[in-house]
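Here's the structure we're looking at; comments come further down.
Every number in this text was worked out from the coordinates using simple rules, so none of it is lab data. All values derive from a computational prediction rather than experimental measurement. Reconstructed Cβ throughout: ideal geometry from the backbone, glycine too, with neighbour counts over all protein chains shown.
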Amino acid sequence: MASDMYVPSLPSMSHALSASSSMARMTIGAFLVALAFSQLFYGPASDKMGRKKIIYLGAIIYLVGSIFCMFAWSIDTLIVGRIIQGVGTGALLPLSRVIVQDSVSKDKFIQIVSWISLFFMLAPAGAPVIGGLIQTYANWRVSFLVMFILVLAVAIVVFSMLPETHPIAKRNVNALKPKHLISSYFEVITHAPFVIYTFCMIAGFSGLVGFYTVGPFILIKKFGVSPQDFGFFSIAIVGSAFVTRLYMSMISLKKFGTTATLFQGLSLMVIASCILLISSAARYAGSKTLVICVALYAMGGSMVGPTVVGVALSFFSHKAGAAGAVYGFLQMFGLFLVSTVAAMIPEKIVDYSIIIFVMSLTAFTLFSLLTFKQRYLLTNQTACAS
């Protein structure tokens, strides 16, 4: 919710702080890059000190950042506040997956992560609606007050109800030593399947991240859509992805398996971005075309994201914190690059469509090559064994 609750307020925010639209959009990128880099510390730190202490630290930092944002007097102050929020979120977001990984077996972890992702879909769906209502009846500063209250509530629940899932006996006292850090990160980052699965996830989320960065200016400023209606468009987009994710969790994974499910999702992403690119290049795309194609892209991404996260992290159950940190870093830094490019391009549908088309086609190509290689090796091994 921290990344997109205030999105409907971006045009109003840029006006109130006398900032350009590109500077207002950079508040999203600042949050994501801070979130990306901070995870590289929090993951190993949780391996050494336990999960709960790091969550408390992240919550405190996030609350401080929210206060900065609430009382920001310039766009520079707001960006600083967003960076602080991102540093705090760097502890909260990835450790939620690591805690699950601590508690269950590998196979169960992949299943549970898929279901947890269903609930994570509710936040992107509801946050812009809440933000749109806040902008309509109050102002953008109230969005950061709501974020403050929500994270404070999470911290209280963690303190009172969540047990420590990484006991002292399992902790690695060397986890934060530079030599150990470099060795762990190098092992993870050079694991080709891990990197490819992670890129597929980045491509899956790039549609929504790019839309939330440039979409408000296209729909609200150019097509005259109200901030409240923009929130409802977000519900339609994420709601369709939510239904698709239910299909994936309940039917596709069980009936077709992981590989086929990923091909379905990646194919839908390529098709949706291709339709948007062609229609916008022909100057046919309007607000409805944009929303429909983004919804289709998000549907494909909803099949890719929860599937790849479980598979990617399962490669490194012995280094859950470090692997989760690298995964989170690549995820958020990749999305930061997407949002930064989206913030720099003209506020046109065709430019946005080029970004998501390149991302989806690259992900589809990399995953196809990985699958072909794995099947080729499996065929050779079977032939040698026989």
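Data for the structure
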{"read-out": "Those lysines that a straight Cα-Cα span of less than 24 Å connects to Lys288, excepting residues fewer than 8 apart in one chain", "value": "Lys221, Lys222, Lys348"}
{"read-out": "Burial ordering of Arg141, Arg283, Arg245, fewest other beta-carbon atoms within 10 Å first", "value": "Arg283, Arg141, Arg245"}
{"read-out": "Exposure proxy ranking, count of Cβ atoms within 10 Å, fewest first, for Trp140, Trp73", "value": "Trp73, Trp140"}
{"read-out": "Calculated FRET efficiency for the pair Leu150/Leu176, C-beta based, R₀ 35 Å, to 0.05", "value": "0.75"}
{"read-out": "Low-density loop cleavage sites - chymotrypsin sites (Phe, Trp or Tyr not before Pro) in segment 242-305, where at most 12 other Cβ are within 10 Å (DSSP)", "value": "Tyr284"}
{"read-out": "Met344 paired with Val104, simple spin-label distance in nm, labels 7 Å along Cα-to-beta-carbon", "value": "4.0"}
{"read-out": "Two-site FRET efficiency, Ala192 against Ile271, from Cβ-Cβ distance with R₀ of 25 Å, rounded to 0.05", "value": "0.40"}
{"read-out": "Helical segments meeting 24 Å axial Cα length and Kyte-Doolittle 1.6 threshold in the chain (DSSP H)", "value": "140-161"}
{"read-out": "Exceeding the 18 Å Cα-Cα cut-off - candidates Lys52/Lys179; Lys48/Lys177; Lys52/Lys177; Lys108/Lys373; Lys108/Lys170; Lys108/Lys254", "value": "Lys52/Lys179; Lys52/Lys177; Lys108/Lys373; Lys108/Lys170"}
{"read-out": "Neighbour-count ranking [beta-carbon atoms within 10 angstrom, fewest first] of Met344, Met248, Met70, Met26", "value": "Met344, Met70, Met26, Met248"}
{"read-out": "Positive-end extreme of charge dipole, the chain - chosen from Ile55, Met5, Val188 (charges on Cβ)", "value": "Val188"}
{"read-out": "Check: the chain dipole with +1 on Lys, Arg Cβ and -1 on Asp, Glu Cβ, in debye", "value": "560"}
{"read-out": "Positive-end residue of Val238, Thr89, Ile79, charge dipole of the chain with Cβ unit charges", "value": "Thr89"}
{"read-out": "Gained length - Ser183 relative to Ser20, 0.36 nm times residue gap less alpha-carbon distance", "value": "54.4 nm"}
{"read-out": "MRE, 222 nm, helices only [DSSP H, n ≥ 4, -39500 (n - 2.57), over the chain, to nearest 500]", "value": "-28500 deg cm²/dmol"}
{"read-out": "Efficiency of FRET from Cβ geometry, Thr379 and Ile60, R₀ 35 Å, rounded to 0.05", "value": "0.05"}
